[in-house]
Structure formats: C-alpha cells, structure tokens
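Heads up: the structure comes next, in structure tokens.
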Amino acid sequence: MARGRGRRASTRGRGKVKDYYEGIPSDSEYKQVAHQRAVQRSRKKWLIRLLIVLVIGGVVYLWGDDAMRLARSEAQEVGAEAKEVSGNIREGVGRRSGADWVEGE
C-alpha cells in the first residue's frame, strides 16, 4: 500500500509545543507590559489622526471659501494656458503640412 503524503503523517502524535518560559512570572509581566504599550501606541495613533482631521476641518471652516476661489482661479488660468498652447500646436502642424498653402503666391 502506498504511504500517504502531506503534513498529516509527519505531525501525527505531536501536541502543541509549550514554551518553556510561558509559566515564569517575569514573562507574564513582560507580556502585560508589552500589551499595555501596544494599546498606548494605538491610542496615540488614533489621537494624532483625530487631531489632523480636526485641524483640516478648522482650516476648511475658516478659509474654505477663499481656498475654493483660489483653486478655481488657478484652474481657469491653467485651462486658458492649455488652450493657448494647443492652438499654437495646431497652427504649427497646419503650417508644416501646408494646409494653408496657396498656389501661385
């Protein structure tokens, strides 16, 4: 008969390997302190994120209209420049292709 493949055969009969240091009091204190530090870091990250959101909200509340006007004017300026550049490109392409060339001149 063929022998079965996979991990099943190799791990049969073995239980969970216990950590030797798991029951030592200093180890349990370390785990507790590490958990407290992780919780504190998590709280600190969330407080920083909340503070950033509040600052952004305050800036929008105080200067939101001015910022929107500035953004709109900048967008209109960039749009006008892009239109001018595209017109110059089309004019150059037409001139190089001879589209407006008149015979006899």
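Here are some notes:
- Derived scalar couplings ³J(HN,Hα) [segment 74-81; Karplus, 6.51 cos²θ - 1.76 cosθ + 1.60; whole Hz; x for Gly, Pro]: 5, 5, 5, 5, 5, x, 5, 5
- Phi angles across segment 32-39 convert, under the Karplus curve 6.51 cos²θ - 1.76 cosθ + 1.60 with θ = phi - 60°, into 3J(HN,Hα) values of 5, 5, 5, 5, 4, 5, 5, 5 Hz, Gly and Pro given as x.
Readers should treat all values here as calculations from the given coordinates under stated rules, not as data from a laboratory. Since this is a predicted model, take the numbers as computed values, not measurements.
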